[in-house]
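Structure, as structure tokens:
The values are calculated or read from the model by the stated rules, or taken from the named source; none is laboratory data. Being a predicted model, the structure only gives us computed values, none of them experimental. Every residue, glycine among them, receives a Cβ derived from its backbone with ideal geometry; neighbour counts consider all protein chains shown. Surface areas here come from the heavy atoms of the whole protein model, side chains and all, with no ligands, DNA or RNA. Shrake-Rupley method; radii C 1.70, N 1.55, O 1.52, S 1.80 Å.
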Amino acid sequence: MKKLHFGAVIMCILMITAVIGSAFTINAQEAGSTTDKTELVIGADYEPTSFDYYHSETDAQVSIISVVYDKLFTWVGDDLVCQLADSYEYEGEDELDLVIHLKEGINFTNGDPFTADDVLFTLEKNQSELGVAVKFACVDLENSYARDDYTVELHLFEYDNTLLPYLAGEFGNILDKEYIEAQGWDQGFEQNPIGTGPYVIENWNMGDSVSLVPNDQYWGSEEEQPFERITFKFFQEDSIRSLEFEQGNVDVAFVGTSASVDRLSGREADGIRVATIPLTKIGDFCMATIIDDDTFVDENKRLAVAYAIDIEAIVETIAGSTAIPATSIIPSGCEGYQNMAYEYNPELAKEYLAKAGCPDGFTFTMEVANNQQLNLELAEAIQAYLSMVGINMVINPVDFFTQFSNMLAGNQLCSIMVATANGDASMALAAFEPGSGLCISENHDEEFVRLAGLVRHERDKDQRMEYLAQLQQYVHDKAFTIPVYERVYALAYHDYVSGVEECGIKGENMIYANRISFNR
């Protein structure tokens, strides 16, 4: 079967991620306007400060690294397929040895050969990073090794349904061990990343754009390098980005507000189209239970908050075309999803306040990143609803990096956090499991931990779905988190561009250049 390469990703969600990447084939037979352009120009929002995706993340950053790097596996529709891997199998008496056979003859951009040592080096990096290590905790690296240059044996502590999907995700980017060890993390990873992907960074014009050109070492087909250049141009303001798109200065643009989506929709006569792609990403209203502040340790307070907010009303009113109300801890697009929406009931909320010993309400602070406009507007709506039952929620806007640091450090009592399930429901649970490093969401409740572990490690599908149903019900009954919205990814494109509608993959907010064509 022919391998399809998935390139860069433009991320579009709160702490988000979306990609325009690499390899669209050109179809001269497409209907619509034609163009003789050879450069794809993408209107992105926030410019990256580096390409270190472990410690900071913007739409464009994830997009760029996704076209620079390849992974062991990737998704084609609902199928997980090999990319840098050639094949794999589970071996051993308990089938806890994952043996991955690698494609041979592949080089990194600088000519370094891709080998099993690079895979092990990447996993070592993943297990050293707070908040990422828990995703790969099933791998016993001490007892894993390279059988030869093109065979990796990963010994597992236990079977994990999320391991292969994580290897197909953003932390599956395979790093060049020799290059990084020679250059150091600052130059070899954060500023000048290289990979085995179809494009390489040509120029970073800080404050304006990043340009990429085809990788002349690329191992895939020429069809996966359809553009002579891919340029990401940065416009923080959605209105400016949309205007640049309308004026023809960009070919495809992320549309971040419902107002822009509505304004650009229905304009096919002008050669303008908008694609909306549902995602498996949930914005959760998180209330910390493991930090020094014990405000939300009492489940009655959490339940009071849950029933005091009309989630459906605020999401439909504020998010409009860019999100739908969330109704479970896992996204509605995941296998095993069950609707666990809280019914708006302010009288019941007051009953829970009384049970908590605070019939007149209580006060707490919610921290929101000031560059996340949707979260800020939702926070204001939540604040208004809570005030009607006597709960005083103070909103504290901070910059994104402060907000993220506080989330990790345990200095944050309440915020909206994004959980993602790219290929498996358990991935949406990772932020809530012990060891996640996200103090805002980490949950040490014994029954939650038990059920989450069963969902993550059970091999039998039917039994696993039963555990997942129990888990969703338990989270709802205890209000460990309040699901608020599922984001819808909106992309505007000119009608000389095709393939945008097919860009969604396994719920990731991505647009892949290998699925886009220019009509010639």
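Exactly one of (1) open to solvent by less than 20 Å² (accessible area, probe 1.4 Å); (2) in contact with a Lys or Arg (Cβ under 8 Å, 6 or more places away or on another chain); (3) among the acidic types (Asp, Glu) is unmet by Glu299. Its number?
Glu299 satisfies every listed condition except (1).
Quick check: anything in segment 262-275 open to solvent by 60 Å² or more (accessible area, probe 1.4 Å) and farther than 22 Å from Val488 by Cα?
yes
Quick grid of which residues meet (1) touching a residue at least 24 places away in the same chain (Cβ under 8 Å); (2) outside any helix (DSSP H, G or I); (3) farther than 20 Å from Ile314 by Cα:
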position	(1), (2), (3)
Ala341	yes, yes, no
Tyr344	yes, yes, no
Leu353	yes, no, yes
Phe364	yes, yes, yes
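Of all residues in segment 51-69, how many are more than 16 Å from Ser209 (Cβ to Cβ) and either among the polar types (S, T, N, Q) or assigned to a loop (DSSP other than H, G, I, E, B) (or both)?
Total meeting the criteria: 8.
Go through segment 136-148 and give me each residue that's touching a helix residue (DSSP H, G or I) at 6+ places or on another chain (Cβ under 8 Å) and either in contact (Cβ under 8 Å) with a residue 40 or more places away in the chain or open to solvent by less than 70 Å² (accessible area, probe 1.4 Å) (or both). Give the steps one after another, and end with the answer.
The first filter runs over segment 136-148 and keeps only residues touching a helix residue (DSSP H, G or I) at 6+ places or on another chain (Cβ under 8 Å), leaving 136-139, 141, 144-148.
Scanning segment 136-148 gives Phe136, Ala137, Cys138, Val139, Leu141, Ser144, Ala146, Arg147.
Would you mind stating whether Ile330 is more than 25 Å from Val255 (Cβ to Cβ), open to solvent by less than 30 Å² (accessible area, probe 1.4 Å) and out of contact with any helix residue (DSSP H, G or I) (no Cβ under 6 Å at 6 or more places or on another chain)?
no
Any residue that is within 22 Å of Asp94 (Cβ to Cβ), open to solvent by 20 Å² or more (accessible area, probe 1.4 Å) and free of Cβ contacts under 8 Å to residues at least 24 places away in the same chain - is there at least one of those in segment 150-165?
no
Give all pairs with beta carbons closer than 6 Å in which a residue from segment 91-115 that is without any contact (Cβ under 8 Å) to a residue 60 or more places away in the chain meets a residue that is in a strand (DSSP E or B) and of a type in the set (S, T, N, Q); count only pairs at least 6 apart in sequence or on separate chains.
From residues that are without any contact (Cβ under 8 Å) to a residue 60 or more places away in the chain, the pairs are His101/Ser87; His101/Thr151; Pro113/Asn107.
Please pick out the residue among Ala326, Ala369 that is within 16 Å of Phe285 (Cα to Cα) and modelled with pLDDT of 95 or more.
Ala326
As an exercise: evaluate Leu454 against (1) surrounded by fewer than 24 Cβ atoms within 10 Å (Cβ to Cβ); (2) of a type in the set (A, V, I, L, M); (3) not in a helix (DSSP H, G or I) and give the number of the one condition it does not meet.
(3)
Pick from segment 379-390 the residues that are hydrophobic (A, V, I, L, M, F, W, C) and more than 18 Å from Gln412 (Cα to Cα): which of them is surrounded by the most Cβ atoms within 10 Å (Cβ to Cβ)?
That would be Leu386.
Tally the residues that are at pLDDT 95 or above, more than 29 Å from Phe432 (Cβ to Cβ) and outside any strand (DSSP E or B), restricting the search to segment 84-108.
Within segment 84-108, residues that are at pLDDT 95 or above, more than 29 Å from Phe432 (Cβ to Cβ) and outside any strand (DSSP E or B) number 6.
Working carefully through the options Phe285, Phe296, find the one that is within 29 Å of Met393 (Cβ to Cβ), in a strand (DSSP E or B) and in contact (Cβ under 8 Å) with a residue 60 or more places away in the chain.
Phe285
Taking Ala133 as the residue in question, decide whether it is surrounded by 18 or more Cβ atoms within 10 Å (Cβ to Cβ), of a type in the set (Gly, Ala, Ser) and either modelled with pLDDT under 90 or under 27 Å from Pro434 (Cβ atoms) (or both).
no
Kindly evaluate Glu442 against the criterion of being modelled with pLDDT under 95, in a helix (DSSP H, G or I) and either more than 24 Å from the chain's Cα centre (by Cα) or surrounded by fewer than 23 Cβ atoms within 10 Å (Cβ to Cβ) (or both).
no
Cβ contacts < 8 Å: first residue modelled with pLDDT of 85 or more, restricted to segment 399-419; second residue open to solvent by less than 10 Å² (accessible area, probe 1.4 Å) and in a helix (DSSP H, G or I), any location; separation 6+ or different chain. Result?
Gln412/Gln403; Ser415/Gln403; Ser415/Met407; Ile416/Asn375; Ile416/Leu378; Ile416/Ala379; Met417/Met407
From Thr74, Thr122, which residue is of a type in the set (Ser, Thr, Tyr), part of a strand (DSSP E or B) and either free of Cβ contacts under 8 Å to residues at least 12 places away in the same chain or within 15 Å of Ile174 (Cα to Cα) (or both)?
Sole residue among the options that is of a type in the set (Ser, Thr, Tyr), part of a strand (DSSP E or B) and either free of Cβ contacts under 8 Å to residues at least 12 places away in the same chain or within 15 Å of Ile174 (Cα to Cα) (or both): Thr74.
Among the candidates Asn173, Asn126, single out the residue that is closer than 23 Å to Asp216 by Cα and open to solvent by less than 60 Å² (accessible area, probe 1.4 Å).
Result: Asn173 is the single residue among Asn173, Asn126 that is closer than 23 Å to Asp216 by Cα and open to solvent by less than 60 Å² (accessible area, probe 1.4 Å).
I'd like the full set of residues that are out of contact with any helix residue (DSSP H, G or I) (no Cβ under 9 Å at 6 or more places or on another chain), under 28 Å from Glu433 (Cβ atoms) and in a helix (DSSP H, G or I), limited to segment 377-411.
Scanning segment 377-411 gives Ala379, Phe400, Phe401, Thr402, Gln403, Phe404, Ser405, Asn406, Met407, Leu408, Ala409.
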